[in-house]
Amino acid sequence: MLAVHLENGAVSMREIPVPDRLPGFALLRLLAGGICNTDLELQRGYYGFSGVPGHEFVAQVVAADTPSLIGQRVVGEINLACHACEWCSRGLERHCPHRTVLGIVNQPGAFQEFFVLPESNLHVLPGAMAMERAVFTEPLAAACEILDQVSIPAGETVAVLGDGKLGLLIAMVLRAHGCRVRQFGRHAEKLRIAAAVGVEVEMEGGRQPVAEYGWVVDATGSAEGLRAAAAMVRPRGTVILKSTVHGMVAVDTAPLIVNEITLVGSRCGRFEAALPLLEHPGIRLEAMIAARYPLQDAAAAFARAAAPGTLKVLLQ
Ligand SMILES: [Zn+2]
Ligand SMILES: [Zn+2]
């Protein structure tokens, strides 16, 4: 079968055997995959990755211990936990210290014709769910994680910095939650996606608000984002960090201390929170698809995804 291989910055295709299915696991056939910034970072050599990438997917179950799963279309949680440690017993499998992560840490990813994942990671999709919406479940869950971590009453105003894929999803999720959302970005055409569902958008470069928002989400992906967020948040407010920036971020901590700001790191989230939003008209997912490529053209797909300003690139 065909598999995407990442190594030393290069994307290549390899012919490898169909993986063995261990007990408790399902054998899955890839229907659609989404390339995310993490995949591009793996390509650049972060985490010393070499192997099959891919953690955003829709697949069909080919073989499983549970007969009713076979033939179903599924999405899947990407953390493979030990189910034995203290974190797992508290339902925090996403923080299990022994976990492997699909397509990221010690677990071959979804960008191959067939791959395996524990049955307990899978969520069966409703029959009518469009594949091109469902493929966003994992990044949508990452956006929903904010509302699991921080209680933001509906009607409150939240600032979102950044208009990349995650920034747009966050703005739309917060809007669907009932917040007033003010999104700051650099690309008019991307901001239009969120503006269409009632997000108030603003191009960066104008006056930067000072101490205006009770909640500020940094999804810029840049070191500058945290500094900007720290300047925009009100005393006693909360800054939610969604950008994984590589290297050190220099930030003046004095105003954070004086103003008693809460900093919340936020990573991936529960699929249960994201799945209902796949059917929410205020979450514009199709508008975020920039291009579709067949799996064998993964190298071209990765190149397209890496071009500045590109939204979601799908592999099919
Ligand atoms: Zn991702
Ligand atoms: Zn564990």
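The values are calculated or read from the model by the stated rules, or taken from the named source; none is laboratory data. For clarity, every value in this text was computed on a predicted model and none was experimentally measured. So basically every Cβ, Gly included, is an ideal-geometry build from the backbone, and we count neighbours across all protein chains shown. Calculation scope for accessible area: heavy atoms of the full protein, side chains included, ligands and nucleic acids excluded. Shrake-Rupley method; radii C 1.70, N 1.55, O 1.52, S 1.80 Å.
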Given (1) part of a strand (DSSP E or B); (2) within 16 Å of ligand 1 (Cβ to nearest atom), number of the condition L40 does not satisfy: (1)
Residue among R21, R29 that is within 25 Å of A291 (Cα to Cα), touching a strand residue (DSSP E or B) at 6+ places or on another chain (Cβ under 7 Å) and not hydrophobic (A, V, I, L, M, F, W, C): R29
Search result, residues across segment 286-316 that are more than 30 Å from E7 (Cα to Cα) and hydrophobic (A, V, I, L, M, F, W, C): A287
Residue list for segment 156-167, filter: outside any strand (DSSP E or B) and either charged (D, E, K, R) or over 19 Å from A223 (Cα atoms) (or both): E156, D163, K165
Test: residue in segment 138-154 that is surrounded by 17 or more Cβ atoms within 10 Å (Cβ to Cβ), more than 18 Å from the chain's Cα centre (by Cα) and not β-branched (V, I, T): no
Count of segment 223-261 residues which are farther than 18 Å from E156 by Cβ, out of contact with any Ser or Thr (no Cβ under 7 Å at 6 or more places or on another chain) and small (G, A, S): 7
Complete set of residues in segment 172-187 that are open to solvent by less than 60 Å² (accessible area, probe 1.4 Å), part of a helix (DSSP H, G or I) and without any contact (Cβ under 8 Å) to a residue 60 or more places away in the chain: L174
Boolean, L31 is on the phi < 0 side of the Ramachandran plot, modelled with pLDDT of 95 or more and within 16 Å of ligand 2 (Cβ to nearest atom): no
Per-region count, segment 188-206, residues open to solvent by 40 Å² or more (accessible area, probe 1.4 Å), of a type outside the set (A, V, I, L, M, F, W, C) and farther than 21 Å from I240 by Cα: 4
Answer from F25, F57 - the residue that is open to solvent by less than 50 Å² (accessible area, probe 1.4 Å), within 16 Å of ligand 1 (Cβ to nearest atom) and either at pLDDT 95 or above or touching an Asp or Glu at 6+ places or on another chain (Cβ under 8 Å) (or both): F57
Residues located in segment 41-50, provided they are open to solvent by 10 Å² or more (accessible area, probe 1.4 Å) and in contact with a strand residue (DSSP E or B) (Cβ under 8 Å, 6 or more places away or on another chain): Q43, Y47, F49, S50
